[in-house]
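Chemist: Before anything else, here's the structure in question.
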2 protein chains.
Amino acid sequence: MADSLKTSHIYRVDLGNRSYDIHIEPGCLKGLGPALNQLLGKPARCMIISNVTVAPLYMATVRSSLEQAGWQVSECILADGERYKNLDSFGQIMDALMQARLSRNEPVIALGGGVVGDMTGFAASCYRRGIPFVQVPTTVLAQVDSSVGGKTAINHPHGKNMIGAFYQPKLVWIDPEVLRTLDCREVRAGIAEAIKYGLIRDAAFFTWMQENMQAALALDPAVISTMIHTCCRHKAEVVMGDETEQGARALLNLGHTFGHAIEAMTHYTEYLHGEAVALGTLLAARLSEQAGFAPQGTETAVTDCFRQAGLPLAIPAFDAAMWLDAMGHDKKNIGSRIRYILLHEIGNAFIADDIPADAIEQLIQSYQRPAEPVHT
Amino acid sequence: MADSLKTSHIYRVDLGNRSYDIHIEPGCLKGLGPALNQLLGKPARCMIISNVTVAPLYMATVRSSLEQAGWQVSECILADGERYKNLDSFGQIMDALMQARLSRNEPVIALGGGVVGDMTGFAASCYRRGIPFVQVPTTVLAQVDSSVGGKTAINHPHGKNMIGAFYQPKLVWIDPEVLRTLDCREVRAGIAEAIKYGLIRDAAFFTWMQENMQAALALDPAVISTMIHTCCRHKAEVVMGDETEQGARALLNLGHTFGHAIEAMTHYTEYLHGEAVALGTLLAARLSEQAGFAPQGTETAVTDCFRQAGLPLAIPAFDAAMWLDAMGHDKKNIGSRIRYILLHEIGNAFIADDIPADAIEQLIQSYQRPAEPVHT
């Protein structure tokens, strides 16, 4: 079994001249140098962008692999956390790229989680109007979701991922072994995004996640490997069908409309992205039931799964008006409609463009009612 | 004659699903509203981005045209000048877009010169990962060159246009009548970019520009109209052949490698972009002659034309080392080569990737030698 885990899995994201491979292999971190040579030809300069948490753990391995393959490596080390995914950090990356004088054909490598990957990708899309970039995701969340698909962005104080680009990496290089150093809370947050794939398009995978939750949380190699493969396969399929989110790709945003609002309302400091998405998914599940789209019990099933994963389950208490504002409802614009992803059932999500603000207000209020008094 | 000038000219920039029209028509500014309806369907919200110089002159006309066509208009007014084409102004546009809550299908309109157009285009490419934008250029430079082709960017303190995107507008809406309020120096700077098209691919147009220079400087409607058409036709042809500058589009950068260095060395405060390009073109012409690519007399012909246009002719005095540094020559990287656009003759430019730094040093020094003593 251990040997079979060493087998690499490769998925091709087929997008014409923007196609690339997702390479998943335990221990592959130290093989990035040769892979980059194969991908880009003659080695030249490159820059690894990481953060203060990940760099001490994995920079040396990646750097040495690249240098041995002939690359001249610069580094840019950012602060760690969603709150730093902003225009200031973006400026910092640009300063580093200018100082390193990277030319138009020289790549940047994102070594880190979703924040590092999103910012690096956006910076790569802008620097000299676009240079190659490679995703080396080091969190569960980035390995199962955010490193694939080319959605890059930074946050605006008033909205998550509001400044960004669709810009595909040239390679996604996933080493599940790096997850071993991951904080337990980060693992749980990443698993929330994995569960998402079950909820939107694969009921069997949802069941499998429930059955294998403890092994996943313990980072059992076989279970983690299967989880990553399955999610990457789903992500690749969705992205190939709708690269720039004109339609079905929006289903991947299950839990995100509410989740992004939670992140913005708490100034990106209280919840990890995956935690906020889990909370948002609970809201979406309840709304799906309340509006009669999903059968009774759907919310409970989702809640139970997130509880198994050790994710937060308490919806933060903000006024409905704050929620609506954070989600972009615009009172001045009567026609304003927010897009929600809702469930018909586990494994079957859909886009709902016609949910009135009233229904959202009721939904929020349903969490704020005091518990029914218990007769004693 | 006056009537025939009212005829609109439309060039189609054919780039698949990124195709758009360049509409050139005297007085068309007040017709933008209906045009936007035709282009985007049902009016909704839009934002006009302009600067403190242009807005007092033309905002009311454009705004009223849009409002009469049913649009709900916001404004974002920036400081005027190349020195403000930076990350701060970009952040200011993002704040305004967030405040106006523009959605993914609602357009921004760039009302101004090259700086406004470049920044607005870049902001449009990033906000929510891309919203539609329309160019309404109000300077000669923007009407003959920068508003067409989708090169958008802001400057980095260490390099011009280093942060940007290839992002095509949905429409370029050119009203030559707005040039009447333009500062004379701005007219001359724009004419430098017009002359560029003659130098790189149309010797007859170069001659025509020389013959009609005084009329062009006086903004004679017929001459200005022909100049704009001709340049837009050239620009459209080049962009259709090479949208993202993999090859021949680079020819449009004649004078720009040196010109951008001049702008950066003088902190974007001393020269208008077109003036810096004119100086850069003089350097390119002399280099072309010195290296034996172009016949003797080429530099003189270019100089004479720029003199007619009233453009600055004195190459600013900086050390050769500063020039090389500003142009991105990297001493740590032995293989570093800068791309220059040089001339075989008037009307025939080519890309030179193999100019050694020595030749550039000699070129720069050739301007710094004291004049030969005159025997008295």
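Chemist: List the number of the failed condition for B:Ile10; all other conditions in (1) within 24 Å of the chain's Cα centre (by Cα); (2) over 16 Å from B:Pro137 (Cα atoms) hold.
Modeler: Condition not satisfied by B:Ile10: (2).
Chemist: Something else: Determine which member of the set A:Val277, A:Val187, A:Val223 is more than 18 Å from the chain's Cα centre (by Cα), open to solvent by less than 20 Å² (accessible area, probe 1.4 Å) and modelled with pLDDT of 95 or more.
Modeler: On the way: A:Val277 fails: more than 18 Å from the chain's Cα centre (by Cα); A:Val187 fails: more than 18 Å from the chain's Cα centre (by Cα).
After applying the criteria, what remains is A:Val223.
Chemist: Among the residues of region A:142-163, is there at least one that is open to solvent by less than 10 Å² (accessible area, probe 1.4 Å), touching a Cys at 6+ places or on another chain (Cβ under 8 Å), in a strand (DSSP E or B) and within 13 Å of another protein chain (Cβ to nearest Cβ)?
Modeler: yes
Chemist: Of the residues B:Ile195, B:Ile228, which single one is under 22 Å from B:Leu254 (Cα atoms) and in contact with a Cys (Cβ under 7 Å, 6 or more places away or on another chain)?
Modeler: B:Ile195
Chemist: For residues in region A:292-325 being farther than 26 Å from A:Gly159 by Cα and not in a helix (DSSP H, G or I), which is most open to solvent (accessible area, probe 1.4 Å)?
Modeler: Step one: filter region A:292-325 for residues farther than 26 Å from A:Gly159 by Cα, giving A:292-305, A:307-310.
Subset that is not in a helix (DSSP H, G or I): A:292-297, A:309-310.
On the way: A:Gly292: 60, A:Phe293: 72, A:Ala294: 11, A:Pro295: 73, A:Gln296: 177, A:Gly297: 36, A:Ala309: 0, A:Gly310: 38 Å².
Within region A:292-325, the match that is most open to solvent (accessible area, probe 1.4 Å) is A:Gln296.
Chemist: Looking at A:Gly121, A:Gly117, A:Gly112, A:Gly16, which one is at positive phi and under 22 Å from the mean Cα position of the chain (by Cα)?
Modeler: Checking each option against the conditions leaves just A:Gly112.
Chemist: Please specify each residue of region B:8-32 satisfying the condition of being part of a strand (DSSP E or B), more than 14 Å from B:Val239 (Cα to Cα) and open to solvent by 20 Å² or more (accessible area, probe 1.4 Å).
Modeler: B:His9, B:Ile10, B:His23
The values are calculated or read from the model by the stated rules, or taken from the named source; none is laboratory data. This one's a predicted model, so the numbers in the text were calculated from it and none came from an experiment. Positions of Cβ are generated from backbone atoms using ideal geometry, with glycine treated the same way; all protein chains shown enter the neighbour counts. These accessible areas exclude ligands, DNA and RNA; they are computed on the full protein's heavy atoms, side chains included. Shrake-Rupley method; radii C 1.70, N 1.55, O 1.52, S 1.80 Å.
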